[in-house]
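These notes concern the structure reproduced below.
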Amino acid sequence: MTPSVPEQTSSRPFHYPDPKSALSCGKVSLERLAREYGTPLYVYSADQIAERFALFDAALAGRDHLICYAVKANSALAILKLLAGLGAGFDIVSGGELERVIRAAPEARAQVVFSGVGKTSVEIDLALATGIFEFNVESEAELELLAARARKAGKRARFSLRVNPDVFAETHPYISTGLREHKFGIDIRLAAEIYRRAAKNRWLEAHGVSVHIGSQIRSAEPFGAALQRVSKLVGQLRREGIALRAIDAGGGLGIDYHGDSFDAAAKVREYAQALDAALGDFDGRLLIEPGRFLVAQAGALVARVLFQKKNGKKTFVVTDAAMNDLIRPALYQAHHEILPVRPRAGRPRVVDVVGPVCETGDFFARDRKLRPVEAGDLVALLDAGAYGMAQSSNYNTRARAAEVLVEGGRARLIRRRETMEDLLAAEIP
Ligand SMILES: *Cc1c(COP(=O)(O)O)cnc(C)c1O
């Protein structure tokens, strides 16, 4: 499948075909999907994921590049398979994510980069045996461990150092990672010395350098600034005879969770230009690791309204989805637009939309102007394709939601709803 590259893309695949119809994903009614698969239900548009991938691919066409989808954003096997089919590599942060890639897209195993500050020997061994593209190493201690495991396996380990460029990126403090005080990466001022030492170790192959400054970053400028510092380091090492062949610019490009006029195509062009300018005459391979930008807007969480209740001046809309299904509002004060699947006449009201979990933090929206809904209605929480299902849990002994992928006019169940058996299977009473 090679989707054409649209000049301008609509920000979301969810729309009302006409004022009397239910909200749809492409041509598929969410009402129908809820009837068939129940709620809470994650619905994703494969077409939009492919379209977003094509935007990056086209914007980077002038350079040797590899788009490594950040698996943690949404690790559904069907989505990994879809992206591998488009030519994606993968950015993983655990051995478990590597197992997913191996199962969903074994042909992509040589296009995997392994990030993360706390890799274990077992995970490193698995990645060495798999033959991944490279390890993004985040500390000297990890590099030592990597060399030791490589020696044991009798395989040279290709690595890049994840440097910390000390660049400030405006985003939520929990998802900002590029400052010296964060746990991620190696101080860029110390990196050259580590490469020099590693060059003497026959079990290590200094292959690249990587950087990832955070998530949900809306402006291209900090990406350019970070990559400029990385480029300088690469140039300095080249003059010393250490030729790095890959620069990994990380992920982090943000979307607009509020409006519906977000121009994804323009955003990607601006981002790619910032990277390109910073790379200058570097002629190796450029890697990027987008997660959220590829999948967030492709997904919605569909929930049913259970009750409405009033406490004092407040009106609460209680849904059958909760923070265990989508924790972003509780964790990052994140905003998700909420639409009634079948709109009713009447004026919007100011409500809190909450779930049944026993936590005051279990809310999707506070003091939100919402079109009128009644018990039994369906609502859709938009932009839930990234860090939604991936961060879900069984808190309150709630089974995790089912997931559906819509491709063209067809919907396909890609994960069935969990059963109580699934939840209790590992326990020993
Ligand atoms: C989380 C993460 C990403 C993806 O970030 P997005 O904001 O989802 O694009 C990429 N690379 C690394 C190392 C990460 O930790």
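Filter the range 263-302 down to residues that are in contact with an Asp or Glu (Cβ under 9 Å, 6 or more places away or on another chain) and more than 30 Å from Ala380 (Cα to Cα) and give me whichever is farthest from the ligand (Cβ to nearest atom).
Asp283
Within the range 11-28, can one find any residue that is over 19 Å from Ala264 (Cα atoms), in contact with a Leu (Cβ under 7 Å, 6 or more places away or on another chain) and crowded, with 22+ Cβ neighbours inside 10 Å?
Yes; the residues of the range 11-28 include at least one that is over 19 Å from Ala264 (Cα atoms), in contact with a Leu (Cβ under 7 Å, 6 or more places away or on another chain) and crowded, with 22+ Cβ neighbours inside 10 Å.
Residues in the range 352-364: is at least one assigned to a loop (DSSP other than H, G, I, E, B), of a type in the set (D, E, K, R) and buried (at least 21 other Cβ atoms within 10 Å of the Cβ)?
Within the range 352-364, not a single residue is assigned to a loop (DSSP other than H, G, I, E, B), of a type in the set (D, E, K, R) and buried (at least 21 other Cβ atoms within 10 Å of the Cβ).
Would you please list the contacts, defined by Cβ atoms under 7 Å and residues six or more apart or on different chains, that run from a residue in the range 289-309 that is closer than 19 Å to Gly408 by Cβ to a residue that is within 12 Å of the ligand (Cβ to nearest atom) and hydrophobic (A, V, I, L, M, F, W, C)?
Val295/Ala73; Val295/Ala386; Gln297/Ile255
Got a sec? Which strands (runs of 3 or more DSSP E) wholly within the range 253-335 have at least 3 residues that are surrounded by fewer than 18 Cβ atoms within 10 Å (Cβ to Cβ) and not acidic (Asp, Glu)?
299-311, 314-319
Is it the case that some residue within the range 229-240 is within 16 Å of Arg162 (Cα to Cα), part of a helix (DSSP H, G or I), at pLDDT 95 or above and within 16 Å of the ligand (Cβ to nearest atom)?
Yes, the range 229-240 contains a residue that is within 16 Å of Arg162 (Cα to Cα), part of a helix (DSSP H, G or I), at pLDDT 95 or above and within 16 Å of the ligand (Cβ to nearest atom).
For the range 58-85, how many residues meet the condition of being surrounded by fewer than 19 Cβ atoms within 10 Å (Cβ to Cβ) and in a loop (DSSP other than H, G, I, E, B)?
4
Return the residues of the range 241-262 that are hydrophobic (A, V, I, L, M, F, W, C) and within 16 Å of the ligand (Cβ to nearest atom); say none if nothing qualifies.
Listed by number, the residues that qualify are Ala246, Ile247, Ala249, Leu253, Ile255, Phe262.
Just to verify a result, which residue in the range 78-100, among those that are of a type in the set (D, E, K, R) and within 16 Å of the ligand (Cβ to nearest atom), is nearest to the chain's Cα centre (by Cα)? Talk me through it step by step, then tell me what you get.
First, pick out the residues of the range 78-100 that are of a type in the set (D, E, K, R): 81, 91, 97, 99-100.
Those still in the list that are within 16 Å of the ligand (Cβ to nearest atom) too: 91, 97, 100.
Working: Asp91: 10, Glu97: 13, Arg100: 15 Å.
Once the filter is applied, the top-ranked residue is Asp91.
Tell me which residues, restricted to the range 30-75, are of a type in the set (Lys, Arg) and more than 26 Å from Leu279 (Cα to Cα).
Arg32, Arg35, Lys72
Look at the range 101-142 and say how many of its residues are surrounded by 18 or more Cβ atoms within 10 Å (Cβ to Cβ), under 20 Å from the mean Cα position of the chain (by Cα) and in a helix (DSSP H, G or I).
Within the range 101-142, residues that are surrounded by 18 or more Cβ atoms within 10 Å (Cβ to Cβ), under 20 Å from the mean Cα position of the chain (by Cα) and in a helix (DSSP H, G or I) number 5.
Between a residue in the range 177-192 that is closer than 18 Å to His207 by Cα and any residue that is within 15 Å of the ligand (Cβ to nearest atom) and aliphatic (A, V, I, L, M), which pairs come within a Cβ distance under 7 Å, given they are 6 or more apart or on different chains?
Every condition considered, the pairs that remain are Gly185/Val163; Ile186/Leu161; Ile186/Val163; Ile188/Val163; Ala191/Leu161; Ala191/Val163.
For the range 192-220, enumerate the residues that are away from the ligand (no atom under 16 Å from the Cβ) and touching a helix residue (DSSP H, G or I) at 6+ places or on another chain (Cβ under 9 Å).
Correct list: Ala192, Ile194, Tyr195, Arg196, Arg197, Ala198, Asn201, Arg202, Trp203, Leu204, Glu205, Ala206.
The values are calculated or read from the model by the stated rules, or taken from the named source; none is laboratory data. Model, not experiment: these values are computed from the prediction. Heads up, the Cβs are rebuilt from the backbone with ideal geometry, glycines too, and the neighbour counts pull from every protein chain shown.
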